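The values are calculated or read from the model by the stated rules, or taken from the named source; none is laboratory data. From a predicted model like this one, the values you see are computed outputs, not experimental measurements. When we count neighbours, we look across all protein chains shown, and the Cβ atoms used for this are built from the backbone with ideal geometry, even at glycine. When the accessible area is computed, the model is the full protein with side chains, heavy atoms only, and any ligands, DNA or RNA have been set aside. Shrake-Rupley method; radii C 1.70, N 1.55, O 1.52, S 1.80 Å.
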Amino acid sequence: IASVQTLVNRMDKIKWTPDLIIMDEAHHATAGTWRKILEFYQGARTIGVTATPERLDGKGLGVEAGGCFDSMTLGPSVSQLVALNYLTPNRIWASSKKLDLSGVKKRGGDYAKGDLEEAVDKPAITGDAIAHYKEHASGQRAIAFCVTVAHAEHTATAFREAGISAESLDGKLSDIERQARLARLRSGETLVITSCDLISEGFDLPAATAAILLRPT
């Protein structure tokens with residue numbers, strides 16, 4: 001078991017060759033680092049698992065499209081997994097206000113962060129999110145997904161000014177401080193954590209029961 005970043009730097013030090021490689025988050029398989037591993041172990045069979053088998057840059061995952069997989073097997077749908085109690089059922093609310101993204105450029109298949117931050121880091125939008133939280137998730141522990149670190153900090157400040165305990169989370173914090181802030185969310189001392197690209201794949205905190213999506217993608 002290894003992270004991709006660790007393995008790619010140590011392949012020549014491993015004294016055995018795998019027969020089977022199982023890749024998690026396999027939609028990354030066409031990226032350069034991942035390809036290096038697959039090319040190094042060309043004789044191994046490969047199984048890739050992912051909940052999102054579609055890349056933002058449009059690159060295909062199948063061999064006929066330049067990827068590395070011969071076929072795709074579809075697992076159960078989200079609704080089936082909810083019915084089987086493997087996933088939590090969810091309710092979704094959206095603002096009636098339409099977000100104007102006409103001036104936001106795209107880069108690498110997604111919105112350019114600078115333009116997007118300017119479009120969404122506005123009191124009217126953040127205030128609408130706070131109002132929705134108070135109406136539909138008051139007292140619940142929530143994670144707000146933001147565009148940039150500054151946006152996350154501004155959003156946390158706005159929640160605090162509205163009387164809701166909130167903290168922002170980013171990669172500049174020490175591991176100890178990040179864990180302390182998450183512990184406060186877990187205990188309920190903090191009700192809202194705002195984050196930019198830090199809480200993502202593999203994150204697990206069952207105490208959080210609401211998500212606030214302030215980052216269109």
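Could you tell me the ratio Rg/Rh of the range 1-130? Both radii from Cα atoms, Rh via Kirkwood.
Numbers: Rg = 20.2 Å, Rh = 18.6 Å.
Expressed as Rg/Rh, it is 1.09.
Within the range 85-140, list the trypsin sites (Lys or Arg not before Pro) lying in a DSSP loop whose Cβ has at most 14 other Cβ atoms in a 10 Å radius. Before the final figure, lay out the partial values.
Values: sites: 91, 97, 98, 105, 106, 107, 113, 134; in loops: 91, 97, 98, 105.
Passing sites in the range 85-140 are 91, 97, 98, 105.
Report relative contact order for the chain in percent, whole number only (criteria: Cα-Cα under 8 Å, sequence separation at least 6).
Details: 256 pairs, mean separation 32.9, N = 217.
Value for the chain: 15 percent.
Given charges of +1 on the Cβ of Lys and Arg and -1 on the Cβ of Asp and Glu, with all other atoms neutral, how large is the dipole of the chain about its Cα centre, in debye to the nearest 20? Don't jump to the answer; show the numbers that get you there.
Values: 25 positive and 27 negative charges, 18 e Å.
With Lys and Arg at +1 and Asp and Glu at -1, about 80 debye.
Please sort by residue number the chymotrypsin sites (Phe, Trp or Tyr not before Pro) in the range 3-91 whose DSSP state is loop and whose Cβ has at most 10 other Cβ atoms within 10 Å. Mind showing how you got there, number by number?
Values: sites: 16, 34, 40, 41, 69, 86; in loops: 16, 41, 86.
Passing sites in the range 3-91 are 16, 86.
For the range 120-190, just list the percent of Cα-Cα distances falling in each 10 Å bin from zero outward, please.
Binned Cα distances yield the sequence 20, 54, 25, 2.
Mind pulling the per residue volume of the convex hull built on the Cα atoms of the range 171-217? Å³ is fine.
Numbers: hull volume 4.2 nm³, N = 47.
So the per-residue hull volume is 90 Å³.
Given the options 52, 124, 81, identify the residue whose Cα lies farthest towards the positive end of the charge dipole of the range 37-128 (+1 on Cβ of Lys, Arg; -1 on Cβ of Asp, Glu).
Working it through, the farthest residue towards the positive pole turns out to be 124.
How large is log10 of I(q)/I(0) for the range 28-92 at q = 0.24, 0.25, 0.26, 0.28 Å⁻¹ when the intensity is taken from the Debye formula with one equal scatterer per alpha-carbon?
Each listed q maps to, in turn, -1.05, -1.10, -1.16, -1.29.
Amide H to amide H, which residues 5 or more places from residue 46 or on other chains are under 5 Å from it, using H placed in the peptide plane?
21
Per 0.36 nm of contour for each residue apart, how much would the distance between residue 175 and residue 38 grow if the chain were fully extended, relative to their Cα-Cα spacing? Don't jump to the answer; show the numbers that get you there.
Details: separation 137, 0.36 × 137 = 49.32 nm, distance 3.19 nm.
Difference between extended and current length: 46.1 nm.
Whole number in Å², please: accessible area per residue of the range 1-93, 1.4 Å probe, ligands, DNA and RNA not counted.
Numbers: 7420 Å² over 93 residues.
Result: 80 Å² per residue.
If the chain between residue 74 and residue 96 were fully stretched, how many nm would it gain, using 0.36 nm times the residue separation less the Cα-Cα distance?
Working: separation 22, 0.36 × 22 = 7.92 nm, distance 3.47 nm.
Extra length from residue 74 to residue 96 when fully extended: 4.5 nm.
Kindly provide the pair-distance distribution of the chain built from C-alpha pairs, with 10 Å bins from 0 and whole-percent values in order of increasing distance.
The percentages, shortest bin first, are 7, 25, 29, 26, 11, 2.
Using the basic label-point model (7 angstrom from Cα toward the beta carbon), what is the residue 135 to residue 184 distance in nanometres?
My value for the distance between the label points is 2.9 nm.
Mind giving me the nanometre distance, one decimal, between the label points for residue 112 and residue 201, set 7 Å out from Cα along Cα→Cβ?
Between residue 112 and residue 201, the simple spin-label model gives 2.7 nm.
At a 1.4 Å probe radius, carbon and sulfur cover how many percent of the accessible area of the range 12-95?
The nonpolar share, carbon plus sulfur, comes to 55 percent.
Could you work out how far apart the two model spin labels at residue 22 and residue 85 are, taking each label as a point 7 Å from the Cα in the direction of the beta carbon, and quote it in nm?
Each label point is offset 7 Å from its Cα along the Cβ direction, giving 2.5 nm.
Convex hull volume of the Cα atoms in the range 78-136, per residue, in Å³?
Numbers: hull volume 8.1 nm³, N = 59.
It comes to 137 Å³ per residue, whole-number rounded.
Which net charge results for the neighbourhood of residue 111, defined as the other residues with beta-carbon distances under 14 angstrom from its beta-carbon, given Lys and Arg at +1 and Asp and Glu at -1?
Values: positive: 105, 106, 107, 113, 215; negative: 57, 100, 110, 115, 117, 118, 121, 197.
Spelling it out: positives minus negatives among the neighbours equals -3.
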